[in-house]
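The values are calculated or read from the model by the stated rules, or taken from the named source; none is laboratory data. Computed from a prediction, not measured in an experiment: that's the story for all the values here. Cβ atoms come from the backbone with ideal geometry, glycine included; neighbour counts cover every protein chain shown.
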Amino acid sequence: MMKNEAILILDFGGQYSQLIARRVRDCNVYCEIKSYKMSAEEIQKRGYKGIIFSGGPNSVYSNNAPKCNAELFNLNIPILGICYGAQLIAVTLGGKVDNSQVKEYGNTSVTYNGDSLLFQGIGTVGVTWMSHTDYISALPDGFIATATTENCPVAAMEHIEKKVFALQFHPEVEHSIAGNHILKNYLYQVCGCKGNWKMDSFVKESIESIKKQIGNKKVLCALSGGVDSSVAACIVHRAIGKNLTCIFVDHGLLRKNEGDDVERVFREQFDMNLIRVNAQERFLSKLKDVTDPETKRKIIGEEFIRVFEEEAKKIGHVDYLCQGTIYPDVVESGIGDSAVIKSHHNVGGLPKDVNFSGIIEPLRDLFKDEVRKVGTELGIPGILVWRQPFPGPGLAIRILGEITKEKLDILKDADAIFREEIINAGLERDINQYFAVLTGIKSVGVMGDFRTYDYTVALRAVSTTDFMTADWARIDYELLGKISSRIVNEVKHVNRIVYDITSKPPATIEFE
Ligand code: XMP
């Protein structure tokens with residue numbers, strides 16, 4: 001039996017299992033995602049308050065489709081099936097699923113049966129998000145349809161005595177307008193959850209489980225000063241203290257004072273075993289005369305690993321590597337049946353010459369805003385927790401063309417003024433990413449009575465939620481004017497400022 005009330009999400013390989021988990025956590029209910037193969041005996045033993053069947057990419061009738069164990073319906077635990085999960089309930093309990101000629105995809109109008117416990121308080125019409133071709137064409141015995149759409153006679157169904165519910169649509173997706181309310185009804189009204197789980201419980205539970213897993217062994221962490229690696233390092237540090245060593249490779253391509261800020265927080269506030277490697281000269285010499293953006297990225301990525309390996313070797317044997325991987329970085333879901341959405345590596349590759357017996361990824365199940373909540377819970381200062389995204393190759397890809405120490409210093413100063421003014425204007429949480437770029441352009445200007453021939457700085461500021469698409473931020477002209485005059489007055493060798501007014505696509509957020 002678990003200490004807390006918990007919901008089980010059985011993963012049938014859908015893209016949204018983690019999103020369902022996230023929505024359940026948003027309702028302050030603890031949940032676990034497990035493979036659909038988990039046995040009924042184990043489920044009963046663990047004392048879950050409810051079971052959610054996730055969606056999945058298969059058709060229920062295809063040969064390799066994951067099946068559900070019919071015994072689950074005899075455990076007296078309320079069940080909610082979503083999309084594929086809903087169809088699986090129908091087929092397992094004797095209903096029928098058919099292939100429709102019409103694929104329902106995207107926002108879809110729906111009519112709810114207002115008597116259903118799931119749909120209390122949301123009215124009888126709404127918009128849900130659908131993504132299916134198969135549909136439930138015949139109800140299993142004892143079930144009633146509780147929602148319909150134009151093309152879908154069973155957009156939801158339930159067997160109230162058995163406490164089995166099914167939704168063809170995805171309540172976890174933002175576009176399903178009453179989705180959160182429906183999930184809340186399931187958790188609180190149907191399963192009887194109280195909703196007293198919070199992020200501080202996540203922190204406590206993670207620390208306990210890391211303690212158990214690591215014991216007296218040693219862990220190494222590559223700290224970048226970014227939100228994810230900082231939060232991951234702090235959790236592990238709380239669990240095992242000085243048995244964690246963090247290596248912070250300062251490649252000299254960080255923003256003004258950033259290296260010192262990172263060092264101060266982790267050394268002074270958290271009293272961590274921290275090794276800061278000041279490798280600016282080393283990176284600059286590798287980057288000498290390099291102008292091609294992809295070559296810059298490659299050199300920096302490789303050099304980063306080399307420096308890390310060298311330092312790790314000096315420490316001696318280490319058992320585990322801690323990484324700040326978060327859910328959007330994870331390639332596939334736990335059961336390996338889901339479609340690969342994207343491949344993303346957090347640290348640009350693992351060190352090859354250091355052997356670890358395992359990897360610790362305490363934030364693997366969390367989304368960015370949840371990581372920030374955990375960071376705040378751990379007492380990490382706002383400058384790190386609310387840090388805007390910053391690319392691994394750092395300022396190297398914000399200096400167009402060759403990188404020199406002089407150019408780096410100019411860019412750091414110009415960027416610091418831009419950021420300071422955005423913060424002074426209270427816009428730092430509204431604009432999702434903002435920075436200065438040192439363009440390769442030099443142009444003629446006049447300062448005092450003298451001709452100048454100096455650099456052009458571009459300012460880039462975007463609003464975005466996913467960083468895949470972005471719009472340029474409509475910063476007030478007065479503020480832009482103030483930033484421009486401060487930069488040209490305070491930073492030597494800059495005589496012109498331009499503001500980037502392209503969205504992504506067709507531009508990217510970074511210039512290189
Ligand atoms: P782009 O320029 O592709 O950037 O529109 C999208 C987001 O990704 C960040 N970015 C990177 N992050 N390593 C990273 O960790 C990289 O090489 C890298 N390149 C771009 C960029 O800052 C923006 O937030």
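Within region 215-227, residues that are over 12 Å from residue 391 (Cα atoms) and free of Cβ contacts under 8 Å to residues at least 60 places away in the same chain sit with their Cβ atoms under 6 Å from residues that are among the small types (Gly, Ala, Ser) and within 16 Å of the ligand (Cβ to nearest atom), at 6+ positions apart or across chains, in these pairs: 223/229. Looking across region 473-506, just one residue is under 34 Å from the mean Cα position of the chain (by Cα), buried (at least 19 other Cβ atoms within 10 Å of the Cβ) and in a strand (DSSP E or B), and that is 497.
Look at (1) touching a Lys or Arg at 6+ places or on another chain (Cβ under 8 Å); (2) under 22 Å from residue 399 (Cβ atoms) and you find that residue 501 fails only one, number (1). Applying the set (1) on the phi > 0 side of the Ramachandran plot; (2) surrounded by 20 or more Cβ atoms within 10 Å (Cβ to Cβ) to residue 247 leaves exactly one unmet item: (1). Scanning region 441-469 for residues that are of a type outside the set (S, T, N, Q), surrounded by 14 or more Cβ atoms within 10 Å (Cβ to Cβ) and farther than 14 Å from residue 510 by Cβ turns up 441, 442, 445, 454, 455, 457. Taking into account only those residues within region 397-411 that are surrounded by 20 or more Cβ atoms within 10 Å (Cβ to Cβ) and within 15 Å of residue 258 (Cα to Cα), which is nearest to the ligand (Cβ to nearest atom)? Selected residue: 411. Quick check: anything in region 79-102 of a type in the set (Val, Ile, Thr), more than 23 Å from residue 190 (Cα to Cα) and modelled with pLDDT under 95? Yes, region 79-102 contains at least one residue that is of a type in the set (Val, Ile, Thr), more than 23 Å from residue 190 (Cα to Cα) and modelled with pLDDT under 95.
Give, as residue ranges, the strands (runs of 3 or more DSSP E) completely inside region 1-76 that count at least 1 residues that are in contact (Cβ under 8 Å) with a residue 60 or more places away in the chain and polar (S, T, N, Q).
On the way: elements: 6-11, 30-35, 50-53.
Output list reads 30-35.
Residues in region 256-279 that are within 18 Å of residue 409 (Cα to Cα) and buried (at least 16 other Cβ atoms within 10 Å of the Cβ): 256, 258, 259, 261, 279. Hey, can you tell me all the residues within region 134-164 that are hydrophobic (A, V, I, L, M, F, W, C) and outside any loop (DSSP other than H, G, I, E, B)? Selection gives 136, 138, 144, 145, 147, 156, 157, 164. Pairs linking a residue in region 388-415 that is without any contact (Cβ under 8 Å) to a residue 60 or more places away in the chain to a residue that is part of a helix (DSSP H, G or I) and within 16 Å of the ligand (Cβ to nearest atom), with Cβ atoms under 8 Å and 6 or more positions apart or on different chains, are 399/411; 411/395; 411/398.
Of the residues making up region 28-65, those that are within 27 Å of the chain's Cα centre (by Cα) and farther than 23 Å from residue 366 by Cβ number 3.
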